[in-house]
Amino acid sequence: MAEEADFKCLRCGHQFKAPYSPKDEPQERACPQCGSNSVRRIKEKAKGK
Amino acid sequence: MTDVGRHPRIELMTLSEVADVQGYIGNFRVKVLRKARYVDEKECTACGDCIDICPVIKPNEFDLGLSTRRAIYQPFPQAVPAAFALNMEECLGNNPIACGKCLEKCEKECIDYDMQDEEVEIKVGTIIVATGMDVYDPTELDEFGYTRFENVITSLEFERLINSGGPTEGHLIRPTDWQLPKRVAFIQCIGSRSEKRGNPYCSNVCCMNTIKDSLLIKDHWPEVEIKVFYMDIRAFGKGFEDLYKRSKANGVMYIRGIPGDIREDPETKNLILLAEDSNSGKVVEHEADMVILSIGLIPSAENSLIRQLLTLSRTSDGFFMEAHPKLQPVDAPTKGVFFAGCAESPKDIKDSVTQASAAASRANILMSAGKFTVEAITSLINEELCKACGVCARVCPYHAIEFDKEKKLPARVIEASCAGCGTCGAECAFDAVIMRHFTDQQILGQVEAILEENPQDKVVVFACNWCSYAGADFAGISRLQYPSSIRIIRTMCSGRVDENFVLHAFKLGAPVVLVSGCHFADCHYINANRWTQKRVEKLWDKLEKKGIRPERLQLEWISAAEGLKFAKVMKEMEELRQGVTLEEIEYTRKEL
């Protein structure tokens, strides 16, 4: 099963899950809600806070 | 092919694979793996004595398994050179020798079981990529029964069946009873123009191929009833509409609607197609003796390897991307490399020949001149500042930077290979890379000029030359308005946007900074904008650590055709700007 990570849109604030693996080539991502490409991966450390 | 084989200035390397490509325009060094043929191609006259005696029978790949061949064979009748090849994995005569009949039979003693693969290096000035395409495998579209019903075949299999050099010597038969089918159905767009299964693009050639096939059948067997199930018939080339009309005048029925299901009559092996005719709105059952699936074209499976060897780009459909779709349609982004045929996109024979002629001319212009002019936007290494860390060489999409890790010598730019994306300049931590005409000083100077007065009212936008800046242009000529607070700084690639440019803008009071570039599939510098994304992600972390909202740095991929998106994003940037307080700006200035 493909690995997933949490992402947050820095335009509309929407949080979502998307396939992600640190080994993969970078991928073009877009927020499913507003379509913005300012999509930031929420790192594990930050999630614990 | 024969002419190519005989040409005194063309060396044809068959049964060969490109193993490695080094160098740059005018100076490519290509390693070619010449696979062992096990037959001396200069001596072999293709007399066929060895074939008659070979006991190994295998499916013939050229006839898509519809006929057989021996372990020693000629791939297809017109193959160049006209010599046989021995498949050693199938041959019984290899270790331990169990057969050896061909060896005994060949009077000219052409067969050599001990022949070895050999690697040769050739030096070339230009390279033309003409690696072709593959065809779509319709197995996943189970409703058409390709794997369940023998009388459902693909258009390529039909092509071999109806070919005079094919397994039936051109006689149209259906696979189950070897009788002439009385009713033939073609189904179009198999694996094409579908977002869910297959590929979203049109494969370009299938409509005309079906029209041609329908006419071939009608010419030879006018009594055969032909139905073509289609979405749209795309007959846009010269003379194509006439051919389409001729096909209809010959009695070929065109039904607008793709069958949703195919069943087989277990007794007759006839096929029952259930399809809605979207012109009449009626769902009708059609019976056919044979169904031909008009399969689409897909990128060659070898494209990934070729992309790596030649540092090429691919569009989202997997075909190779041209340097410019309108102005350089046969040039690859890597200088000195050109495309011909379906390697670049699905196309028919005429278009392939046209593109091949253009590619040959483009290569010839370069080769005849013997010189190459480089645009004055290449990078340059300041040897005094270079710490020989090798980062610039690692990030260069064109492998245009040489770096000796062991000797720790300053990096060196091969200007003939450099395309001027500026990624090396943005990634160099020691400011040792000078981007001609897009230097740090020039870009920082623009940032300073923009933010000299009332910086809180400005949005700094870095836009790449090819897509985002062209998107702004398109918004302009489309009379789409966007806020006057937007200030655009053009770079050749978003990969040029140095971390310091962004931080400097924030330091001077910019409320919002936007970095924009081409969509990943459109990057004009192979993959330089992947580095943009990585850099922006690092900057988000950095800003957050300093207590600055990362939302103030935005990233957007905007293509040249997305004028509407450009205007929309700029309006959103203005809304963001209005949400940034003077206190925030002041805090940012102090922190940076």
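Since every read-out is calculated from the coordinates, none of them should be taken as a lab result. Note that the structure is a prediction, hence the values are computed from the model and not measured. FYI the Cβ positions are ideal-geometry reconstructions off the backbone, even for glycines, and counts take in every protein chain you see.
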Fewest-first ranking of B:V447, B:V515, B:V30, B:V353, using other Cβ atoms within 10 Å as the exposure measure: B:V353, B:V30, B:V447, B:V515
Exposure proxy ranking, count of Cβ atoms within 10 Å, fewest first, for B:D289, B:D114, B:D49: B:D114, B:D49, B:D289
Tilt relative to chain B, helix B:563-578 - C-alpha long axis, 0 to 90 degrees, to 10: 30 degrees
Normalised alpha carbon radius of gyration of the protein assembly as shown [divisor 2.2 N^0.38 Å]: 1.18
For B:T491, B:T268, order by how many other beta-carbon atoms lie within 10 Å, fewest first: B:T268, B:T491
On Cα atoms only, tilt of B:440-450 relative to the major axis of chain B in degrees: 60 degrees
Difference of contour (0.36 nm per residue) and Cα-Cα distance, B:N500 to B:D431: 23.8 nm
For the stretch B:292-308, Karplus couplings with θ = phi - 60° (6.51, -1.76, 1.60), whole Hz, Gly/Pro x: 10, 8, 7, 7, x, 9, 10, x, 4, 4, 7, 4, 4, 5, 5, 4, 5
For the stretch A:4-48: rounded, prolate or oblate by the Cα gyration tensor [a/c cutoff 1.5]: oblate
Anisotropy class of chain B from Cα gyration tensor, a/c 1.5 cut: oblate
The stretch B:434-453 and the stretch B:186-231: distance between their alpha carbon centers, rounded to Å: 56 Å
Where Cα atoms sit under 20 Å apart: lysine pairs in the stretch B:438-591 separated by 8 or more or lying on different chains: 17
With Cα atoms, 0 to 90° folded angle of helix B:240-249 axis to chain B main axis: 40 degrees
Three-way shape label, the stretch B:238-295, alpha-carbon gyration tensor, a/c 1.5: prolate
